[in-house]
Amino acid sequence: MNQNTKALLKACELAESRAGNKGEWVPSFHLAPVTGWMNDPNGLCEFNGVHHIFFQYSPFDTSHGMNYWGHFSTKNFVDIKYHKPALCSDEQFDCHGVYSGSALCDETGMNIFYTGNVLQSGEKGKEYDYLNTGREHNTVFVNSKDGLTFDGKTVVLKNSDYPKNCTCHVRDPKVWKENGKYYMLLGARRNDDVGEALLYSSENKLDWEYLNTITSNEKMGYMWECPDYFEIGENKYLSVSPQGIDADGYKYNNTYQSGYFKVTGSIKSNYSLSEFVEYDCGFDFYAPQTYVDSKGRRIMIAWFGLPDDNKPYDDPTKKDGWVHMLTFPRELTVNEKGILCQYPVEELKNLRYYTKKSIIDGYAKLSGLTEFDVKIDIAKQSDFTIRIRKDCILNYDMAKKLCTLSFGKSGEGRTSRSVEMEEIHEVCILCDTSSIEIFLNHGEKVFSSRFYPDKDTTGIIIENINGNLKYSNLRPIRILKAEV
Ligand code: FRU
């Protein structure tokens, strides 16, 4: 720990100790910052039986800043420990932010790879060109024996090591091990404004060799952030968060997107990518990251938010001194139709109390619910409407084969988003104080959105559904400050 680390940790501690009441929108079972700003989940892993959830954290105000890696850990997603930040921008090579990255656990401990962000100052009075010349994106490695203390950062790649046709924007290393070798994906912006992912390999985690560039046939945006690669059974996926894709009908309506390509062949040599598929159809979902836990589950957590620039909707929590949170952890599976599905991890059951089951015959009103999950098995296809806390409406139009999520005032500018679906036989809704996650057909399609319903609008109304219903109140997760 150098002098900068000490000062930065102290500053963060002070900001956290001075944080006021976080107000009525504090989530009950989602992870949010103690104070200030949160964005991407980072370094997701299970290490010695404990899941570690790091995140981009800027504690001093409610905007993106010189980010730390904030740190939660948990054995069960219900009892959570909150730790002091794991990484701060305490070195010359990461002095403007410890940006996103990943963790790889092996016999040497927890190995973190992240991007050290450095902005160069330009000539007096002139803006620096942060795209082509004025920025360093260093890939930094740091090992931790205990998953709590991180000392000895080493720069393993710098701008001059990246392909010549890249801008200064090369970041967000995702590292994994395969057949005794290490692989790293980096997200990149080419200097002709095409997004791509760069693949490197290494024998020892320190010396990295360029292997391949992965990009789509047709340009998908100018920059790919937060790349990830994973396999589920025989299926291979390249996951990216592209910037710069234009809206196209019901698709790509958020400022930035997140989704995946199915990979045929090998990303190490000859590959082809499928069409790009968005993970989420809602308003607030970005920069997801996945990892495999000791049960063999592929778990995904995303930023339950989007960068604020140009976003046509808002988050009133800013007036309470904090903004954004993470999605509830989801397990990824591939169903019998070959569709990649997302569904809340089974530990959600430990938050349930007062569970009820019933049959719905056209109409149901469930009063008084505020934080809850509901699962509806639909017996007969028809148009339907589900009103959640009055102002949030999920509607299915059979003739148009269109499912639409819409908000009134509680959306704070969020209006409506739609997705085409041939049929809907299952709806699962996870509702927290200021968020909703809706899983259709066991996660074939998902809507994730923040919303800010009035305190006195509770419950849900289900219209025109015949089927089975199961719902529960959900209790808050327990967050304990870890001893220093
Ligand atoms: C994605 C992102 C990453 C970057 C990080 C900085 O939201 O822009 O590309 O590493 O956030 O906070």
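The values are calculated or read from the model by the stated rules, or taken from the named source; none is laboratory data. No experiment lies behind these values; they were computed from the predicted model shown. Using ideal geometry, Cβ is built from the backbone for each residue, glycine included, and neighbour counts are taken over all protein chains shown. Just the protein is used for accessible areas: all its heavy atoms, side chains included, with ligands, DNA and RNA removed. Shrake-Rupley method; radii C 1.70, N 1.55, O 1.52, S 1.80 Å.
Here are the numbers for the structure shown:
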| item | result |
| --- | --- |
| Segment 256-337: GluC sites (Glu not before Pro) in DSSP coil with no more than 12 other Cβ atoms inside 10 Å | Glu275, Glu336 |
| Heavy-atom accessible surface of segment 166-319: percent carbon and sulfur, 1.4 Å | 43 |
| Where segment 280-425 is the region considered: accessible area per residue in Å², 1.4 Å probe | 43 |
| Global geometry of segment 32-145, whether rounded, prolate or oblate, following the gyration tensor of its Cα atoms and the 1.5 cut on a/c | oblate |
| Relative contact order of segment 393-451, pairs being alpha-carbon contacts under 8 Å that are 6 or more residues apart, as % | 24 |
| Accessible carbon and sulfur surface of segment 22-69 relative to its total accessible area, %, 1.4 Å | 52 |
| Chain lengthening between His425 and Ala19 when straightened (0.36 nm per residue, less Cα-Cα) | 141.7 nm |
| Note, ³J(HN,Hα) from phi for segment 345-358, Karplus 6.51, -1.76, 1.60, rounded to Hz, x at Gly and Pro | 4, 5, 4, 3, 4, 6, 9, 7, 9, 6, 8, 10, 10, 7 |
| Semi-axis lengths, Å, segment 325-484, gyration tensor of Cα atoms, sqrt of 5 times eigenvalues | 24, 19, 17 |
| Segment 152-220 shape via C-alpha gyration tensor axes, a/c threshold 1.5 | oblate |
| Selection of trypsin sites (Lys or Arg not before Pro), segment 358-447, meeting DSSP coil and at most 15 other Cβ within 10 Å | Lys380, Lys400, Lys401 |
| Cross-link pairs beyond the 29 Å C-alpha cut-off, checked among Lys409/Lys481; Lys81/Lys158; Lys295/Lys400; Lys10/Lys177; Lys251/Lys375 | Lys409/Lys481; Lys81/Lys158; Lys295/Lys400; Lys10/Lys177 |
| Spacing of the two label points (7 Å from each Cα toward its C-beta) at Lys145 and Lys409, in nm | 5.9 |
| Highest-first arrangement of 225-232, 249-256, 40-47, where packing means the average Cβ count within 10 Å | 40-47, 225-232, 249-256 |
| Debye intensity ratio in log₁₀ form over the Cα atoms of the chain, taken at each q of 0.11 Å⁻¹ | -0.90 |
| DSSP beta bridge pairing in the chain, given as percent antiparallel to the nearest 5 | 95 |
| Extension reserve of the Ser274-Lys177 stretch, reckoned as 0.36 nm per residue once the Cα distance is removed | 32.5 nm |
| Between segment 152-203 and segment 386-445, the alpha-carbon center distance in angstrom | 37 |
| Selection of GluC sites (Glu not before Pro), segment 420-467, meeting DSSP coil and at most 13 other Cβ within 10 Å | Glu422, Glu423 |
| Cα convex hull of segment 370-417 - mean projected area over all directions, nm² | 4.0 |
| Rough spin-label spacing in nm, given labels placed 7 Å along Cα→Cβ, for Lys470 and Asn132 | 5.9 |
| Pairwise label distance in nanometres, Thr213 with Asp293, each label 7 Å out on the Cα-Cβ vector | 3.9 |
| Helix-only [θ]222 nm of the chain, DSSP H runs n ≥ 4, -39500 (n - 2.57) each, per residue, nearest 500 | -1000 deg cm²/dmol |
| Ratio of the Cα radius of gyration of segment 206-284 to 2.2 N^0.38 Å, where N counts its residues | 1.16 |
| Cβ-placed point charges (K, R +1; D, E -1), dipole of the chain about Cα centre in debye, nearest 20 | 920 |
| Heavy-atom surface of segment 62-179, accessible at 1.4 Å and reported per residue (Å²) | 42 |
| Cα gyration tensor, segment 387-447 - rounded (a/c under 1.5), prolate or oblate | oblate |
| The chain: relative contact order as a whole-number percent, Cα under 8 Å and 6+ apart | 14 |
| Between 0 and 90°, nearest 10: helix 3-18 axis offset from the chain longest Cα axis | 20 |
| Segment 114-253 - percent relative contact order, Cα under 8 Å, separation 6 or more | 16 |
